[in-house]
Amino acid sequence: MDLLLLTVIAVVALALLFDFSNGFHDAANSIATVVATKALSPLQAVWLAAVCNFAAYFFVGTAVANTVSKTVNKGYISVAVIFAALMSAIVWNYLTWFVGMPSSSSHAIIGGLVGAGLAVGGTDAVGWSSVKKVVYAIALSPAVAFSVAAVGAGLVWVLQKVTRWNDDAAPFKGLQIVSAAAVSFGHGANDAQKTMGVIAAVLAGGGYLAADASGKFPVPTWVALSAYAAIAIGTVWGGWRIIETMGMKLTNLNARVGVAANIGATTAIFGATSLGIPISTTHAAASSVVGAGAASGRGANWKVVGEMVIAWVVTIPATTALAFVFFKMTQLPGVLDVIVTGAVTIAIGVAIAWAMTHSITHKDIEAELKPEEPVILPTDKASATSA
């Protein structure tokens, strides 16, 4: 087995690690609302999301994968370029997950590809038409999701008045589960394709995949199945820190508001996927939660929203810079490239392993969701005794 093939296999494995991190990082987008309102238990919610993520494989095409695979122009794609892009996105995903900040895995990988492309060939190496689609989506998807969720909140309020259901009535929780399943399906349909596009690019860079007559890289079946499986497994592992932020810190959710939020997210995600745009499901879902909460009179935690927006703005520049540095490490003279790149990769792997073993779990989320026991003061006990 030659060195090039071994390197391609290693980078494909790295791409699936990114996909795994996408699963637990962005799974919160679809299930945070049902967890926060107790429509499902945390474990039930992640399994629902995982099944729906994988189910998207059987129904959607590869338009988003094709957009991602063309972020770096064909003449500049190499295994080193894809390695640098993936390392950048993985570092960003794990860092933002560990601090509980909902950021975009989509924008992380796009930023990584842009940075690696700039490092290898300057502006000529970057497929700016693909990048433009992402930039437009950064501005449009949160606005669309926020607006649709706000309108949805009004429609759900009308439904409540007609039916006289309370805010956490069983029908609302049922609608929440259905709409959360739709968001999970949309997440799988859009986000798994990003990894498919990256793997197609690395196979092309290694000379193991050729573009078709239209210039697109055909995605092999094993690549698609691997990508959907990795994102589903990551979802089951659970990104509990981000679920905590999305479900408990952005607004005061109830089942009625959760339905409206999921309507907004579903509309934005499915619309973008149909157009082949690698949308940020994080942006769509978080904007929907805020829009539904604000329109329903539940308010929003604007401090957390502000921190989240800053993370959104910083994601692409940060991952672009990281990927640029990672690529330059692979170009060091002599054996320095192997020594430095290997040492940095091992250090990052150790840090990730530590973070994953020191994170909160579904039990912590369940404990937060339990109603607090009433505190009985000594005077209250005396009063109760005398009564």
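Can you report the number of residues in the stretch 34-88 which are basic (Lys, Arg) and under 20 Å from Val259 (Cα atoms)?
Of the residues in that region, 1 qualify.
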#### Entry: Pair list, Cβ < 9 Å and 6+ apart or interchain, from the stretch 270-282 residues that are farther than 16 Å from Ala56 by Cβ to residues that are outside any helix (DSSP H, G or I)
Ser280/Ser103; Ser280/Ser104; Thr282/Pro102; Thr282/Ser103; Thr282/Ser104
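Any idea which residue in the stretch 260-280 is modelled with the highest pLDDT, counting only those that are in contact with a Gly (Cβ under 7 Å, 6 or more places away or on another chain) and of a type in the set (Ser, Thr, Tyr)?
So the first thing to find is which residues in the stretch 260-280 are in contact with a Gly (Cβ under 7 Å, 6 or more places away or on another chain), and the list is 260, 263-264, 266, 269-270, 273.
So of that shortlist, the ones also of a type in the set (Ser, Thr, Tyr) come out as 266, 273.
Details: Thr266: 88, Thr273: 77.
Ranking the qualifying residues of the stretch 260-280, first place goes to Thr266.
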### Task
Working only within the stretch 88-127, note down all residues that are over 30 Å from Ile365 (Cβ atoms) and free of Cβ contacts under 8 Å to residues at least 24 places away in the same chain.
Gly122, Thr123
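Let's see how each residue does on (1) within 20 Å of the chain's Cα centre (by Cα); (2) in contact (Cβ under 8 Å) with a residue 40 or more places away in the chain:
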position	(1), (2)
Ser129	no, yes
Val134	yes, yes
Leu155	no, yes
Asn166	no, no
Leu175	no, yes
Ser179	yes, yes
Leu203	no, yes
Ala213	no, no
Pro220	no, no
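Being surrounded by 19 or more Cβ atoms within 10 Å (Cβ to Cβ) and touching a residue at least 60 places away in the same chain (Cβ under 8 Å) narrows it down to one of Val51, Val64, so name that one.
Working: Val51 fails: surrounded by 19 or more Cβ atoms within 10 Å (Cβ to Cβ).
Every option except Val64 fails the conditions.
Filtering the stretch 357-368 down to residues that are of a type in the set (A, V, I, L, M, F, W, C) and touching a residue at least 40 places away in the same chain (Cβ under 8 Å), which residue is surrounded by the most Cβ atoms within 10 Å (Cβ to Cβ)? Please lay out each step first, then the result.
Let us first name the residues in the stretch 357-368 that are of a type in the set (A, V, I, L, M, F, W, C), namely 360, 365, 367.
Keeping just the survivors that are touching a residue at least 40 places away in the same chain (Cβ under 8 Å) gives 360, 365.
On the way: Ile360: 16, Ile365: 23.
Within the stretch 357-368, the match that is surrounded by the most Cβ atoms within 10 Å (Cβ to Cβ) is Ile365.
Kindly indicate whether any position in the stretch 246-256 is farther than 22 Å from Leu159 by Cβ, without any contact (Cβ under 8 Å) to a residue 40 or more places away in the chain and part of a helix (DSSP H, G or I). Please lay out each step first, then the result.
As a first pass, look at the stretch 246-256 and keep what is farther than 22 Å from Leu159 by Cβ: 246-250.
Filter again for without any contact (Cβ under 8 Å) to a residue 40 or more places away in the chain, leaving none.
Within the stretch 246-256, none of the residues are farther than 22 Å from Leu159 by Cβ, without any contact (Cβ under 8 Å) to a residue 40 or more places away in the chain and part of a helix (DSSP H, G or I).
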### Query
Do you know which of the residues in the stretch 310-325 that are of a type in the set (A, V, I, L, M, F, W, C) and under 15 Å from the mean Cα position of the chain (by Cα) is modelled with the highest pLDDT?
Ile316
### Task
Starting from residues that are modelled with pLDDT of 80 or more and under 30 Å from Ala347 (Cβ atoms), keep the ones in the stretch 57-81 and report whichever is nearest to the chain's Cα centre (by Cα).
Thr71
### Query
Can you name every residue in the stretch 123-162 that is within 30 Å of Ser69 (Cα to Cα), touching a helix residue (DSSP H, G or I) at 6+ places or on another chain (Cβ under 7 Å) and not β-branched (Val, Ile, Thr)?
Ala125, Ser130, Lys133, Ala137, Ser141, Pro142, Ala145, Phe146
### Message
Against the condition farther than 20 Å from Val8 by Cα, among the β-branched types (Val, Ile, Thr), in a helix (DSSP H, G or I) and out of contact with any strand residue (DSSP E or B) (no Cβ under 9 Å at 6 or more places or on another chain), how does Ile199 come out, does it pass?
### Response
no
### Task
For the stretch 230-246, state whether one or more residues are crowded, with 20+ Cβ neighbours inside 10 Å, touching a helix residue (DSSP H, G or I) at 6+ places or on another chain (Cβ under 7 Å), farther than 16 Å from Ile31 by Cβ and modelled with pLDDT of 90 or more.
yes
### Task
Filter the stretch 339-366 down to residues that are in contact with a helix residue (DSSP H, G or I) (Cβ under 9 Å, 6 or more places away or on another chain) and polar (S, T, N, Q) and give me whichever is farthest from Phe18 (Cα to Cα).
Thr361
### Message
Looking for something small (Gly, Ala, Ser), closer than 27 Å to Ser141 by Cα and either touching a residue at least 12 places away in the same chain (Cβ under 8 Å) or surrounded by 21 or more Cβ atoms within 10 Å (Cβ to Cβ) (or both) - is there at least one such residue anywhere in the stretch 71-78?
### Response
no
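Sort out which residues of the stretch 25-56 are among the charged types (D, E, K, R) and either closer than 20 Å to His283 by Cβ or under 16 Å from the mean Cα position of the chain (by Cα) (or both), and write them in order of number. Can you show your working first?
Going through the stretch 25-56, the residues among the charged types (D, E, K, R) turn out to be 26, 38.
Within the stretch 25-56, just Asp26 meets the criteria.
Okay, residues lined up against (1) of a type in the set (Val, Ile, Thr); (2) under 13 Å from the mean Cα position of the chain (by Cα); (3) crowded, with 24+ Cβ neighbours inside 10 Å:
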| site | (1), (2), (3) |
| --- | --- |
| Phe83 | no, no, yes |
| Phe98 | no, no, no |
| Ile109 | yes, yes, yes |
| Leu113 | no, no, yes |
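Residue by residue, here is whether (1) modelled with pLDDT of 90 or more; (2) among the β-branched types (Val, Ile, Thr); (3) assigned to a helix (DSSP H, G or I); (4) out of contact with any Phe, Trp or Tyr (no Cβ under 6 Å at 6 or more places or on another chain) holds:
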site: Thr123; (1), (2), (3), (4): yes, yes, yes, yes
site: Ile138; (1), (2), (3), (4): no, yes, yes, yes
site: Gly152; (1), (2), (3), (4): yes, no, yes, yes
site: Val158; (1), (2), (3), (4): yes, yes, yes, yes
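Can Gly349 be described as closer than 30 Å to Ala56 by Cβ and crowded, with 18+ Cβ neighbours inside 10 Å?
Details: closer than 30 Å to Ala56 by Cβ: yes; crowded, with 18+ Cβ neighbours inside 10 Å: no.
When the stated conditions are applied, Gly349 does not pass them.
The values are calculated or read from the model by the stated rules, or taken from the named source; none is laboratory data. None of the values given here were measured: they were computed from a predicted structure. Every residue, glycine as well, gets a Cβ built from its backbone with ideal geometry; the counts of neighbours run over all protein chains shown.
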